[in-house]
């Protein structure tokens with residue numbers, strides 16, 4: 001005896017095999033393309049980034065005006081390439097004091113700066129002649145809080161290379177004169193000065209050396225988006241359990257949802273600022289910076305809540321993963337590295353809220369340096385206001401779909417009761433075959449109505465999941 005597998009509706013798998021394989025193939029292909037496209041976009045931000053180091057500008061001011069100052073220029077001439085930051089030399093008249101040089105880096109005009117001290121060459125000559133004197137010739141400045149990983153690898157390491165090569169350039173310019181005029185063998189201190197002629201001091205505007213610094217502009221920018229999506233699913237599930245969209249009007253639902261979202265993002269941003277501070281190690285940040293960081297993240301989280309709310313209301317369920325994942329990837333791609341190191345196409349990311357949030361956080365953590373508020377806050381508030389203007393339409397759409405779903409269920413129940421009454425009034429002597437035929441004619445209509453009500457409920461309350469341990473009102 002042969003057993004044929006069949007669906008509850010009576011069709012065999014052989015009959016549906018073609019459609020099943022087509023549906024499976026479409027989902028298979030679309031999801032592969034989704035992840036391929038998003039990861040290619042993300043990896044593209046780092047493509048040959050080392051060849052764009054020259055887009056990172058460093059300032060050089062020569063207050064010495066002699067051999068030491070010129071040796072820095074010579075050293076940069078040896079190092080200059082696409083893989084080395086551009087050293088922009090400016091006259092001392094433009095930056096009269098070292099404080100002005102530091103201010104230029106603090107403002108974000110330059111990624112770093114080097115200046116030769118006034119009288120550096122004469123001090124070194126005195127040290128070579130007598131063994132005494134200040135041999136600190138250079139000072140370099142950089143901001144460790146600005147993209148910490150890239151600043152460490154691209155700026156700090158490049159400055160160290162520049163200082164080392166400056167020594168070689170000094171020897172090339174002045175070693176013969178020193179050897180001819182200075183009795184190095186008779187004075188160990190003079191010999192030591194000759195062996196290490198160029199010494200430099202560091203000014204790090206904001207020392208950022210904690211291990212968690214690599215997460216600030218990467219994972220920390222993605223998690224708020226995922227957090228809002230998960231909470232949106234929970235909120236929709238709770239709304240479905242208690243049938244809020246049919247019991248309350250769009251306005252009351254909107255106000256309730258707004259209050260809940262503000263409270264959730266308020267606490268969520270507090271937690272995010274909290275774990276950043278909990279793992280700050282020796283990072284020198286204070287309570288004022290904590291509150292400012294908290295408020296900035298709160299705005300970012302609420303923007304993402306509103307965006308997720310709008311997307312889940314209007315985007316069909318089958319396309320929602322494409323939207324949420326892509327939104328998360330393009331946002332983190334805008335913060336993962338400086339735009340100077342990415343292909344020019346990626347600079348459209350200035351318009352994304354994640355990039356602007358990170359710019360605000362860098363300014364907060366750098367004690368006011370790297371001022372980008374003139375651009376960051378208008379962009380973030382533009383997102384927030386635009387979403388606030390659209391989200392009422394999303395809520396109205398949900399409520400209308402919920403009412404339509406409830407109406408479809410009511411119509412289905414009414415039709416079923418009517419059909420049963422008619423069936424009971426028929427001739428009880430009818431054959432079994434006739435009764436089965438009548439039932440088969442009735443079932444498809446009921447199923448169609450049930451399917452429509454389920455579809456509308458998904459539109460109204462999707463995506464969602466039921467809250468564990470909570471039982472909602474029965475319809």
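Throughout, read-outs are computed from the coordinates displayed, never taken from laboratory work. The model shown is predicted, which means the values in this text are computed figures rather than measured ones. Cβ coordinates were reconstructed from backbone atoms using ideal geometry, including for glycine residues, and neighbour counts include every protein chain displayed.
Quick notes
- Order of 302, 117 under a 10 Å beta carbon neighbour criterion, fewest first: 117, 302
- Spin-label zone in the stretch 65-105 - amide nitrogen under 17 Å from a point set 7 Å from the Cα of residue 164 along the C-beta vector: 72, 75-81, 83-85
- Per-pair calculated FRET efficiency, R0 = 35 Å: residue 99 and residue 173 via Cβ, rounded to 0.05: 0.75
- Using R0 = 25 Å, the C-beta based FRET efficiency linking residue 277 and residue 230 works out to 0.60.
- The stretch between residue 46 and residue 288 holds 83.7 nm of extra length on full extension. This uses 0.36 nm per residue minus the Cα-Cα distance.
- If you plug the beta carbon distance of residue 31 and residue 348 into 1/(1 + (r/R0)^6) with R0 = 25 Å, you get a FRET efficiency near 0.45.
- Each of 246, 208, 136 has some number of other Cβ atoms within 10 Å of its Cβ, and from fewest to most they run 136, 246, 208.
- Distance between modelled label sites at residue 219 and residue 54, nm, 7 Å Cα→Cβ extension: 3.7 nm
- Proxy reagent accessibility, fewest Cβ within 10 Å first, across 300, 76: 76, 300
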